[in-house]
1. If you average the C-alpha positions of segment 13-82 and of segment 196-211 separately, how far apart do those two centres end up, in angstrom?
2. Separation between the Thr254 and Thr205 pseudo-spin-labels, each 7 Å from Cα along Cα→Cβ, expressed in nm?
3. May I ask you to compute the full-extension gain from Lys241 to Gln82, defined as 0.36 nm times their residue separation minus their alpha-carbon distance, rounded to one decimal in nm?
4. I want to make sure I understand the PRE zone here: with the label point 7 angstrom from the Cα of Lys25 toward its beta carbon, which residues in segment 46-70 have backbone N atoms less than 15 Å away?
5. Where does each of 24-36, 89-101, 293-305 land if you order them by average Cβ count within 10 Å, highest first?
6. Could you give the dipole magnitude of segment 121-193 about its Cα centre, charging the beta-carbon of Lys and Arg +1 and that of Asp and Glu -1, in debye to the nearest 20?
7. Is it possible to state the helix-based mean residue ellipticity at 222 nm for the chain, with each DSSP H run of 4+ residues giving -39500 (n - 2.57), the sum divided by total residues, to the nearest 500 deg cm²/dmol? What is it?
8. When only C-alpha pairs under 8 Å and at least 6 residues apart count, what is the relative contact order of the chain, in percent?
Amino acid sequence: HGGLGISNPVENCNREFTASVTITKDLTDLIINQQNTLEHYNMSIQNDTIKSLKAIKEKHLFTVSKSIEDSVRDPNLKRSLQFIKEKGSGCWLTALPLKRFGYSLNKIEFRDALYLRYGWEIPNTPFHCACGERNNVNHTLICKKGGYVSMRHNNIRDLNAELQREVCRDVVTEPALIPLDNEEIVGTNADRAAPDVSSRGLWSTFERTFFDVCVTHPNSPTYDKKDMEQIYKAHEMRKMKKYNNRIIQVEKGTFTPLIYSTNGGWGPQATRYHKRLAEKLSQKRGEDYAAIMCYMRTRIRFSILRSTLIAVRGERGRRQSYTLPVSVTSFNLIPATMDYECF
């Protein structure tokens, strides 16, 4: 609901205690009656009770978050609060800091991530970008100088290819499309056109599916008058217009655009794709579908988060040096000052 996942025990203790008593009532009665077995214990009733209490809690949290959002006067902060309610946006806050999965952040990265989450200006950053523009959070995430936009894109591309190799065949990164021979198509007709990933076996056994990744920054001034649904739809339509017709007509395959946001959200087609991928992984490994979805959301969220944090603090361009580099220096030609300390 846009928070940090840290509850106030003073405010929540009564509600949590009541929920605990309600959930354990049947088990408590068995203990009081000195029952030696659990044959009279109905687990399904307990699960239904937990679900109903969770629904009540979610409704309460939604009401609280809505009241906080309505009280905010800053339009940028209000917009950020709307974006970070997307599913998976805050999973980095509750994940265990396991370094082997890339889930660990140092203290500066954690603070910067909180500033990014709420759209606040990050302290101790340059006033101007190396490209000459006024520097701020939105500019650092869309400025192409330094290669950080490409790095963010390529990181997600490679992660999706890695996930697909677990259940798909013929996984290729940046596959070249078949050149055109006077075919009339709608979209790109470039000879070297190449989506980001292709594989076989995701939607059907032999069908080849092409994927193209886009990581968009919804807080950019370009999207001031659009909500997340409109932003995702616009990017998906742009990708479909570019590749879909050519892939269907010439490649005889299918195309799926994968749109993500810097806040950690997924577009509709990306969500459908990840659900299908998690389903196939669950069938292959015999592991829980929900656990696989949680892993993918967390892994992708940290991948996007780390790339955005690097873009905020990363060096752009080369530093201007006023001294002659050592590589082109001739030491015999350096003028020497002869004084009594040396001679």
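The values are calculated or read from the model by the stated rules, or taken from the named source; none is laboratory data. Because the structure is predicted, anything quoted here is derived from the model rather than measured. Glycine gets a Cβ as well: all are built from the backbone with ideal geometry, and neighbour counts include every protein chain shown. Just so you know, the surface numbers come from the protein's heavy atoms only, side chains and all, with ligands and any DNA or RNA stripped out. Shrake-Rupley method; radii C 1.70, N 1.55, O 1.52, S 1.80 Å.
1. If we compute the Cα centre of each part, the gap is 42 Å.
2. About 1.6 nm separates the two model spin labels.
3. Numbers: separation 159, 0.36 × 159 = 57.24 nm, distance 2.87 nm.
Between Lys241 and Gln82, full extension yields an extra 54.4 nm.
4. So the set is 46-54.
5. On the way: 24-36: 10.9, 89-101: 13.5, 293-305: 20.2.
In decreasing order of mean packing, 24-36, 89-101, 293-305 become 293-305, 89-101, 24-36.
6. It works out to roughly 460 debye.
7. Working: 11 runs with 161 residues, N = 343.
One gets -15500 deg cm²/dmol as the mean residue ellipticity at 222 nm.
8. 17 percent.
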